[in-house]
């Protein structure tokens, strides 16, 4: 599977996780910022736009700085997406 497809799939995982587990929290603050960036990244990928417009790096750090919840599973999913974008 190519990296772009892997990234698209991983971004969908992150978005779904946000929508399922943080539905009340994705309308404000840091979670809203991270969520919006992932939604925009998915839009870019689905419309075959330039991947340089994807701005998801730093989401893990932003989450950790704001919530100090180092055991949360969303961190692993965010990290996977950030790793994939670096490989493109």
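With a cut-off of 8 Å between alpha carbons and a minimum separation of six or more residues, what is the relative contact order of the chain in percent? The partial results should precede the final answer.
Values: 66 pairs, mean separation 33.3, N = 88.
Relative CO of the chain lands at 38 percent.
Taking the chain as a Gaussian network, where each spring joins two C-alpha atoms under 10 Å apart, which residue of 36, 12, 24 fluctuates the most?
24
Apply 1/(1 + (r/R0)^6) to the Cβ-Cβ distance of residue 6 and residue 61, taking R0 = 22 Å, and write down the FRET efficiency to the nearest 0.05. Kindly include the intermediate steps, with their values, before the conclusion.
Working: r = 22 Å, r/R0 = 1.00.
Result of the calculation: an efficiency of 0.50.
Taking 0.36 nm per intervening residue step and subtracting the Cα-Cα distance, what contour gain separates residue 73 from residue 16 on full extension? Walk me through the intermediate numbers first.
Details: separation 57, 0.36 × 57 = 20.52 nm, distance 1.28 nm.
Gain in length upon complete extension: 19.2 nm.
Grab the beta carbon distance between residue 83 and residue 40, set R0 = 25 Å, and tell me the FRET efficiency rounded to 0.05. Working shown, then result.
Numbers: r = 19 Å, r/R0 = 0.76.
In this case the efficiency is close to 0.85.
To the nearest 0.05, how large is the calculated FRET efficiency for residue 25 and residue 51 if R₀ is 25 Å and r is the Cβ-Cβ distance? Can you show the working numbers first?
Details: r = 28 Å, r/R0 = 1.11.
Given R0 = 25 Å and the Cβ-Cβ separation, E is 0.35.
Only the coordinates and a few stated rules stand behind these numbers; no lab work does. If you're wondering where the values come from, they're calculated on a predicted model, not measured in any experiment. Backbone-built Cβ (ideal geometry, glycine too); neighbour counts: all protein chains shown.
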